[in-house]
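The structure's right below; bear with me while I get my questions together.
The values are calculated or read from the model by the stated rules, or taken from the named source; none is laboratory data. This structure is a prediction, so every number in the text was calculated from the model and none was measured. Backbone-built Cβ (ideal geometry, glycine too); neighbour counts: all protein chains shown.
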Amino acid sequence: MVGRHGEVLARHAVWRWPSRIGRSYDMDVILDDAFVAAAHVEIRETTEGRYAIEDLRSLNGMRVLPSSAKQSSAEIGPEDIVRIGHTQFRIRPRSYVVGGERRIRQGAAYRGSLMFMIAVVIVLAMFVWDAFLTASHRDEKALTALSVFTVVAAGAMWIAIWSLVSRTAGRRANFSAHGFVACAGVLALQIWTTSMGYLAFGLDTGWLETLSAAGAAALFGYIVYRHLRLASRAKRQAHAIVAACIAIVTFGGGSLLVNLVGAMDPAAQSHSYSLKAPLFLVVRGISPAEYIARSRDLKHAVDGLAAR
Amino acid sequence: MSFRARLLHLAVALLCAPALAQEPEPELSLQTHALFERIRDSVAQIRVLLGTSDTHAATGSGFAVGDGLIVTNYHVIADKALEPDVYRLEFVLPDGRRGPLQIVALDVVNDLAVVKGDTGPARALALRSRPLSKGDRGFSLGYPLGQGLTVVEGIYNGLSEELYYERIHFTGAINSGMSGGPAVDSAGRVFGVNVATHRRGQLVSFLVPASYAQKLLERARSDEAPPPRNFSGAVGAQLRSHDRALQKSLEGPLPTQQLGPLVVPARMGAFMQCAAGTERERERPYDVNSYFCYMRSAVYVDPKLQTGTVVFRHRVLRSQELGPLRFAHVQETKFRDSVSSDYTSRRHHTEFVCQDRIVALDGVRAKVAQCLRRYKLFEGLYDMTLKVATLGDSSLALHSELQMDGVSYEHAMRLSQRFLEAIRWNQ
C-alpha cells in the first residue's frame, strides 16, 4: 500500500495466483476502505514480475496511475501504482531487489534544548541592549518593554505554530529545534540589518539599504526553509520553493503595504532618517555646492509628477 | 505657517452679554450715526455660492467705488477665482437689492479684488489718499458672522512693522464676514480694507491700506482686455512676483548668530519673527534648545493653501549622560520632527521627492536631507524643505531646518546653499 507521495504505508504478502483484493473477509488482501468493493479486483501473474489486473465490476472502478481514466483490465509492472477506492498499491515479485538501508544521521546539535535555551538568552539580551540604546526617557522605556513583550509573545507563537505543523505532519513536534531556528534566525536578521544600516550610514550609500532589505528577505526565506525541513519529509526542492514563495509574499506584500500606507499621507517626506554615532562615519562628505547641484534630479522628478 | 486669522474662516462663538447701560457721548454718537447713514448703502455683502444652489460657501463684505465696481478681499472670492465652474458670486445691498458679480482684477499678495455687478445707484465711496495719523479714529464696516451691516469703531495705529506687506494696525473688533468691508475716517473716506485679525490678540486687526485698492482700481479701469474666466494664471504670476520680491529681500550675506561652538543663520529681515525656547524635562537625559524664525505674512491662495513664506528652525541637542550610541538614537528620533507646512493638498501639490547625503559643512560633517514638491496649478513654484543634522560630536548636535513655500526652484536652491554654507562649527 502506497501513500500519496509514494511512501510505503503497509505491505501484504500474496501466496497464490490469481489473487483477489476487496473489502470482504474472503479476500486474499483485505482493504478497510469504504470506497472499495467487497471484491474489487483480481490479479494474475502473467510472467515473473508482470501482472494482469481485472476490475470485478466495482462501482468506483480501477485506474493505473498517472492516468485518471477507469480501466476494466490492465497489465502492470513492479513500478506501476494502481488506485482503487482511496487506496493505492503496487505489486512486486519476491525477487524484487530493494535498495540499501539509509544511515541514521546524528541529530544536529541545534536540535537539543540546551542550544535552544542559549539562543533564547542571547536573543533576549539583544532586545534588552536594543531597548537600552533606544529608550532614554521613562515613557519610552514602558513602550520598549511592551514592544519586547510583543516580540517575545510573537516568537513563542511562531515556534508553537511550527511545532504544531511538525506534529501534524506526522512525526515529532521538534519544539527545541524550531525554537533554536527561530531564535538564531531573529539574531541573524538583527545582526544583518543593523550592520548594513551602519555600513549604509558610514559609506553614505542608499543602495546598501536596498541590499539590506533584499538580504533580510533571503534570510527570512532561509529561516522558513529550516523550519520546513524540520517539519516535513518532502524533498529539499519542494521546501526551497515553498520557503522562497513565503519570503517573497511576506516581504513583497509588506513593502507594498508600507508604500500604500505611505501614499496615504500626501505630505510624506521619504528619505533616510538614519543617524549613527560620528565614529561610524567613513565618508568625508560632499560640498554644499555639489549637494545643491544634485537637487536637479528632484526638480526633474517633481516636474514629471506635476505633468501627470 | 500662518498666524493670521482669516476673518472669513474664523469660527467664533457669539457671547450675548447684556449691554451695560452707559451714558453715551452725545456728540460722537450723532457723528457716527450720520456717517453710518451716509455710507451704509455703499457696503455690500459678498456671497460665494456653490453651483446653482442658494447655499453660501462663504460670505464677506465689499464696498462700491463707482461704475458698478466693488472692492473686496481676494480671500473672499478666491474660490470663484480658481474654480469658476464650481462657484458663483452674488452681492446683497442693505436695501435688499442683489445680483451676480464678475471678478475684474486681483491683487493676491495684498489680498484685494475688484468685482463688478449691477449695483444700480449705490453711492461710490471715495478713497483717502493720505494715511491717517496714529491715534486717529476710524470706523470699520461689514457683515460680521451673518449679522446685518455693522459699524465698528477703532483706532488707527500706523503700519504693522512685522508683516512682509504693508498692513494698517487697527485696534477694533473686526470679525469673520467683515473681510473686504471698508474702514473709513470720520469724513467717510476709505483709508483701509478689512482683512484680518490676530488670532491670539484682542482687537488687534489689520487693514490693507487704501492706496493698494486705488492702484488695483486704476489697473482694473485701464485694462482693455476682458477679464479671464479662470484667474489661476494671474494668481500664479502674482505668486511668482511675490517670490522675486522675497528673494530680493533675502539678498546679501545671511546674518548669523552664535550658539555655543556653532554659528548658524539668524533672522533674515524685519519681516521675520523669531522665538527661542528650551525643552527640558525631568528624567530625560538630554535637552533641546530651539530657535525658530518665521514670517507672519503668508499669501492666502485658497482655503487649502497659504504660501510664500520662509521659515527656519535650529535645535541644539545636548546630553552629558548618554553615550554615543544612545545619543545617536535621540538624534534619529528628533530628525523626524519637522516644521513642515500646515498646507498640503493633492489639488495643489505633488508628492515630495527627497535626497539625502553626508555634506561637509564648515568644521563639521552633517546629514542633509532635502525634499521638493511642485505646485500643480501654478507653474514654476515649489515647496522646499532642507534638514541638517550635524555629526561632529557624540554629545552635541545641531538640527537645522529651512522651509520655503511657494518659491522658484532657483530661489530655493540659492538660499539652501547659502544656509548650508553659513553653518559653522568652531572646534
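Give region A:227-265 a look and list any residue that's surrounded by 15 or more Cβ atoms within 10 Å (Cβ to Cβ) and out of contact with any helix residue (DSSP H, G or I) (no Cβ under 7 Å at 6 or more places or on another chain), or say none.
Across region A:227-265, the qualifying residue is only A:S232.
The conditions are (1) out of contact with any helix residue (DSSP H, G or I) (no Cβ under 7 Å at 6 or more places or on another chain); (2) surrounded by 17 or more Cβ atoms within 10 Å (Cβ to Cβ); (3) of a type outside the set (K, R), and A:A173 fails exactly one of them. Which is it?
Unmet condition: (1).
Return the total of residues in region B:389-420 being farther than 30 Å from B:N230 by Cα, in contact with a helix residue (DSSP H, G or I) (Cβ under 7 Å, 6 or more places away or on another chain) and among the hydrophobic types (A, V, I, L, M, F, W, C).
Qualifying residue count, region B:389-420: 6.
With the condition kept exactly as written, say whether any residue in region A:204-215 is more than 24 Å from A:A184 (Cα to Cα), within 11 Å of chain B (Cβ to nearest Cβ) and in a helix (DSSP H, G or I).
no
Looking at A:L298, A:L281, can you tell me which residue is at the interface with another protein chain (Cβ under 7 Å from one of its Cβ atoms) and within 30 Å of A:L133 (Cα to Cα)?
Just a single option satisfies the conditions, and that option is A:L281.
Right, another one. Looking at (1) more than 14 Å from every other protein chain (Cβ to nearest Cβ); (2) of a type outside the set (F, W, Y); (3) in contact with a helix residue (DSSP H, G or I) (Cβ under 6 Å, 6 or more places away or on another chain); (4) surrounded by fewer than 18 Cβ atoms within 10 Å (Cβ to Cβ), can you tell me which one A:V181 breaks?
Unmet condition: (4).
Sort through A:E101, A:E79 and tell me the only one that's over 29 Å from the mean Cα position of the chain (by Cα) and modelled with pLDDT under 90.
So the residue among A:E101, A:E79 that is over 29 Å from the mean Cα position of the chain (by Cα) and modelled with pLDDT under 90 is A:E79.
Please indicate, with yes or no, whether at least one residue in region A:224-241 is under 30 Å from A:L275 (Cα atoms) and either touching a Leu at 6+ places or on another chain (Cβ under 8 Å) or of a type in the set (A, V, I, L, M) (or both).
no
May I ask you to verify whether A:A267 is small (G, A, S) and within 14 Å of chain B (Cβ to nearest Cβ)?
yes
Can you tell me how many residues within region B:326-364 are under 27 Å from B:M295 (Cα atoms), among the hydrophobic types (A, V, I, L, M, F, W, C) and either part of a strand (DSSP E or B) or at pLDDT 95 or above (or both)?
Looking only at that region, the number is 3.
Does region A:28-67 hold any residues that are surrounded by fewer than 18 Cβ atoms within 10 Å (Cβ to Cβ), under 16 Å from A:F89 (Cα atoms) and more than 41 Å from the chain's Cα centre (by Cα), and which are they?
Once the filter is applied, which keeps residues that are surrounded by fewer than 18 Cβ atoms within 10 Å (Cβ to Cβ), under 16 Å from A:F89 (Cα atoms) and more than 41 Å from the chain's Cα centre (by Cα), region A:28-67 yields A:D28, A:A39, A:R44, A:E45, A:A52, A:E54.
Suppose we keep only residues that are aliphatic (A, V, I, L, M), surrounded by 10 or more Cβ atoms within 10 Å (Cβ to Cβ) and under 42 Å from the mean Cα position of the chain (by Cα) within region A:11-27. Which one would you say is nearest to A:G61 (Cα to Cα)?
Per the criteria, the residue is A:I21.
Restricting the first residue to region A:125-148 and requiring it to be under 18 Å from B:E281 (Cα atoms), which pairs with a second residue that is at pLDDT 80 or above and in a helix (DSSP H, G or I) meet a Cβ separation below 6 Å and a spacing of at least six or different chains?
Close Cβ pairs satisfying both conditions: A:T134/B:H329; A:S136/B:R326; A:S136/B:V330.
Still on this structure: Check every one of the strands (runs of 3 or more DSSP E) wholly within region B:98-150 and list those with 3 or more residues that are surrounded by 20 or more Cβ atoms within 10 Å (Cβ to Cβ) and not aliphatic (A, V, I, L, M).
Here the list reads B:137-142.
Quick check: anything in region B:292-304 in contact with a Ser or Thr (Cβ under 6 Å, 6 or more places away or on another chain), over 20 Å from B:G406 (Cα atoms), at pLDDT 90 or above and part of a strand (DSSP E or B)?
no
Per-residue answers, yes or no, for (1) at the interface with chain A (Cβ under 8 Å from one of its Cβ atoms); (2) surrounded by 14 or more Cβ atoms within 10 Å (Cβ to Cβ); (3) in contact with a helix residue (DSSP H, G or I) (Cβ under 7 Å, 6 or more places away or on another chain); (4) of a type in the set (V, I, T):
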| position | (1), (2), (3), (4) |
| --- | --- |
| B:A276 | no, no, no, no |
| B:R284 | yes, yes, no, no |
| B:C293 | no, yes, no, no |
| B:R318 | no, yes, no, no |
| B:A328 | yes, yes, no, no |
| B:E351 | yes, yes, yes, no |
| B:V359 | yes, yes, yes, yes |
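Further, regarding this structure: Among the residues of region B:383-427 satisfying the criterion of being within 25 Å of A:A307 (Cβ to Cβ) and aliphatic (A, V, I, L, M), which is nearest to the other protein chains (Cβ to nearest Cβ)?
Ranking the qualifying residues of region B:383-427, first place goes to B:M413.
Also, quick follow-up: Go through region B:218-229 residue by residue and tally those that are surrounded by fewer than 21 Cβ atoms within 10 Å (Cβ to Cβ), part of a helix (DSSP H, G or I) and touching a residue at least 12 places away in the same chain (Cβ under 8 Å).
Selection size over region B:218-229: 2.
Name the one entry in A:R4, A:R11, A:R103, A:R16 that is closer than 30 Å to A:A184 by Cβ and either assigned to a strand (DSSP E or B) or out of contact with any Cys (no Cβ under 8 Å at 6 or more places or on another chain) (or both).
A:R103
Sticking with this structure for a sec: Hey, can you tell me all the residues within region B:42-68 that are surrounded by fewer than 22 Cβ atoms within 10 Å (Cβ to Cβ) and either within 16 Å of B:V195 (Cβ to Cβ) or out of contact with any Asp or Glu (no Cβ under 7 Å at 6 or more places or on another chain) (or both)?
Result: B:L50, B:G51, B:T52, B:S53, B:D54, B:T55, B:H56, B:G66, B:D67.
Would you confirm whether or not region B:365-382 contains a residue that is more than 7 Å from chain A (Cβ to nearest Cβ), surrounded by 22 or more Cβ atoms within 10 Å (Cβ to Cβ), in a loop (DSSP other than H, G, I, E, B) and without any contact (Cβ under 8 Å) to a residue 60 or more places away in the chain?
no
So B:G260 clears everything in (1) buried (at least 16 other Cβ atoms within 10 Å of the Cβ); (2) more than 14 Å from every other protein chain (Cβ to nearest Cβ); (3) not acidic (D, E) except one condition, right? Which one?
(1)
Ok, one more. Can you tell me which residue within region B:80-97, out of those that are in a strand (DSSP E or B) and not aliphatic (A, V, I, L, M), is farthest from B:L50 (Cα to Cα)?
B:F91
Considering only region B:192-217, how many residues are assigned to a strand (DSSP E or B), crowded, with 21+ Cβ neighbours inside 10 Å and in contact with a Ser or Thr (Cβ under 9 Å, 6 or more places away or on another chain)?
Matching residues across region B:192-217 total 9.
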